[in-house]
Amino acid sequence: MKNVRVISTGAAVLAGLAGTIPTLGIWFSGSDGMVGSAVVLTMILVVLAALLAVASSVNGMLINPGSLRGAAVGLGSLLVVFVLSYVLADGSDYMMYDNVDESTTKWVSTGLNAFYICFILAIGAVLYSSLSRIRK
């Protein structure tokens, strides 16, 4: 376990150093020439972080197969929330905006609905947890 921490800390330091090079170039050169390389580097680091997170999750599930059921329930719940959000979404107000079609406003409405549903579920979970602790 100690080796994993050393490796992850080293990777984080290297990623930070890689990010400082274009940042310093932008600050000191005063031109926008380094902005493109900073954006590309950021995209690479985000994709790498996402891949490592998925690989870590898969590794954890392979080590503990009992967690597969919990992961399936979580993904299924998230899928239900997104389907419900899409069904409830309304894209009819696209005429109010410039250069936006009905599909775009429907997807924006879907995202907002998903946020509202997840927010309400989170508040409900906190209240349930608090009330169950008070009762005990």
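General observations
- Extent along the principal axes, Cα only, for the chain: 55, 53, 31 Å, with the longest axis given first.
- Using the Cβ-Cβ distance between MET43 and VAL87 with R0 set to 25 Å, the FRET efficiency from 1/(1 + (r/R0)^6) comes to roughly 0.15.
- Taking PHE28, PHE115, PHE82 in turn, the Gaussian network model of the chain (Cα-Cα springs below 10 Å) assigns the largest fluctuation to PHE28.
- Based on C-alpha pairs under 8 angstrom that are at least 6 apart in sequence, the chain has a relative contact order of 13 percent.
- LEU62 paired with ASP32, simple spin-label distance in nm, labels 7 Å along Cα-to-beta-carbon: 4.5
- On full extension, the segment bounded by TYR94 and TYR116 gains 5.9 nm, given 0.36 nm per residue less the C-alpha separation.
- Label positions at ARG135 and SER103, each projected 7 Å from the Cα along the C-beta direction, are separated by 4.8 nm.
- Helical segments meeting 20 Å axial Cα length and Kyte-Doolittle 1.6 threshold in the chain (DSSP H): 35-63, 67-88
- From its DSSP helices (H runs of at least four residues, each -39,500 (n - 2.57)), the chain gives a residue-normalised ellipticity at 222 nm of -30000 deg cm²/dmol.
- Kirkwood-based Rg to Rh ratio, segment 39-90, C-alpha trace: 1.16
Each value in this text was obtained by applying a stated rule to the coordinates, not by laboratory testing. All figures in this text were calculated on a predicted structure; none of them were measured in a lab. Because the Cβ atoms are built from the backbone with ideal geometry, glycine has one as well, and the counts that use them run over all protein chains shown.
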